[in-house]
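Below is one structure, written out as structure tokens, with a few remarks after it.
The values are calculated or read from the model by the stated rules, or taken from the named source; none is laboratory data. Computed from a prediction, not measured in an experiment: that's the story for all the values here. We place every Cβ from the backbone using ideal geometry, glycine too, and count neighbours over all the protein chains shown. We work out accessible area using only protein heavy atoms, side chains counted, and drop any ligands, DNA or RNA first. Shrake-Rupley method; radii C 1.70, N 1.55, O 1.52, S 1.80 Å.
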Amino acid sequence: MRIRVSAAVVTGALAFSALAVPAAQAAPAAEAVKLTNIKVNGGKDVVVGTTAKKTFTVTFTASHSTGIYPDANITVERGNASTTGNILLPEEWGTGADACKSVSATTSNCKATFVVDPQYDLDNVDAATWKTDVLVQSLEGADLESTNIKSWRLQRLSKLTTNAAPEPIKKGKTLTVTGALTRANWDTDKYAGYTSQPVKLQYQKRGSTAWSTVKTVKSDGRGNLKTTVKATADGSFRYSFAGTSTTPAVNSGADYVDVR
């Protein structure tokens, strides 16, 4: 018998259920199950916009001298799901698919796939550090239950624009460079200005591949950016945001300016 949960995503308490094994194997062994090479989303932050679903995986290697039971409970959770947190269950839950597949007599590679729908699963408070919970069992009955084998970040997708004007412009004249820094708002399913954030204005001279920082501008109460610079030579301008714990770094597209 395999213990599964039919829902794809839930918010609330989830109690790990013991994986059923034959009675002769029920006694726990002294040897512990070992987990290695644990990765969430390949080691990258999980970044989600306002409408598109985001798919990511949790992968790890499990080993024990007697081998690894093919079933496993793998979930991801923010905070305390039984009170104010959020918990996501893998797509495989309820399908009968095994999470762990043996690669030798003692070792299995384990994988769970998660699909996040920002319009259904997320609120802005979910942009935070999440944890990965697992229950893995050996064929002999030893188990490893962990409420946080790996922490990772769920972030709100950011966007950034740049516009330098007027174009073309005479050398020595003043350019006005505007833009906007926005990020996904999971409470409204729209993009909104990311306010009071330091953003670098960068310049790339024509023929060069390097960007240099001209100055740092702070976004206003609507996420808008605006500053002025002197036109010196043909080249491109862009804004560059370094990111925060809840929002990834982003560079705008380059706006080329013809200086005459």
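What is the percent carbon and sulfur in the accessible area of the chain, measuring with a 1.4 Å probe over the protein chains and ignoring ligands?
49
More than 13 angstrom separation, counting every C-alpha pair in segment 66-120; what % is that?
65
Ignoring everything except DSSP H segments at least 4 long, calculate the 222 nm mean residue ellipticity for the chain; use -39,500 (n - 2.57) per segment, divide by total residues, nearest 500.
Rounded to the nearest 500, the figure is 0 deg cm²/dmol.
When you count, for each residue, the other Cβ atoms within 10 Å and take the mean per peptide, how do 32-42, 123-133 rank with the highest first?
In decreasing order of mean packing, 32-42, 123-133 become 123-133, 32-42.
So which chymotrypsin sites (Phe, Trp or Tyr not before Pro) in segment 195-260 are both in a DSSP loop and have at most 10 other Cβ atoms within 10 Å of their Cβ?
For chymotrypsin sites (Phe, Trp or Tyr not before Pro) across segment 195-260 that sit outside H, G, I, E and B with at most 10 neighbouring Cβ atoms in 10 Å, the list is empty.
Let me test this: with uniform point scatterers at the alpha carbons of the chain, what is the Debye-based log₁₀ I(q)/I(0) at q = 0.07 1/Å?
Here the Debye-derived log intensity ratios amount to -0.38.
Relative contact order of segment 88-202: what whole-number percent is it, with Cα pairs under 8 angstrom and at least 6 residues apart?
18
Please find, in a Gaussian network model of the chain (springs between Cα atoms separated by less than 10 Å), the residue of P90, P70, P168 whose mean-square fluctuation is greatest.
Residue with maximal mean-square fluctuation among P90, P70, P168: P168.
Given Cβ point charges of +1 (Lys, Arg) and -1 (Asp, Glu) and nothing else, what value in debye, to the nearest 20, does the dipole of the chain about its Cα centre take?
The dipole magnitude comes to about 1900 debye.
Antiparallel versus total DSSP beta bridges in segment 141-259: what percent is that, nearest 5?
Roughly 95 percent of the DSSP beta bridges within segment 141-259 come out antiparallel.
Relative contact order for the chain: what percent, with Cα pairs under 8 Å and sequence separation of 6 or more?
Once normalised by length, the contact order is 18 percent.
Under a 1.4 angstrom probe, counting protein chains only, how are S108, S196 ranked by accessible area, largest first?
Greatest to least solvent exposure: S196, S108.
Would you mind telling me the antiparallel percentage of the DSSP bridges in the chain, rounded to 5?
So the antiparallel bridges amount to about 95 percent of the total.
Which translational diffusion coefficient, to the nearest whole µm²/s, is obtained for segment 72-180 from the Stokes-Einstein equation, given a Kirkwood hydrodynamic radius over C-alpha pairs, 25 °C and 0.890 mPa s?
It comes out at roughly 137 µm²/s.
Heavy-atom accessible area per residue, segment 208-260, 1.4 Å probe: how many Å²?
In whole numbers, segment 208-260 has 53 Å² accessible per residue.
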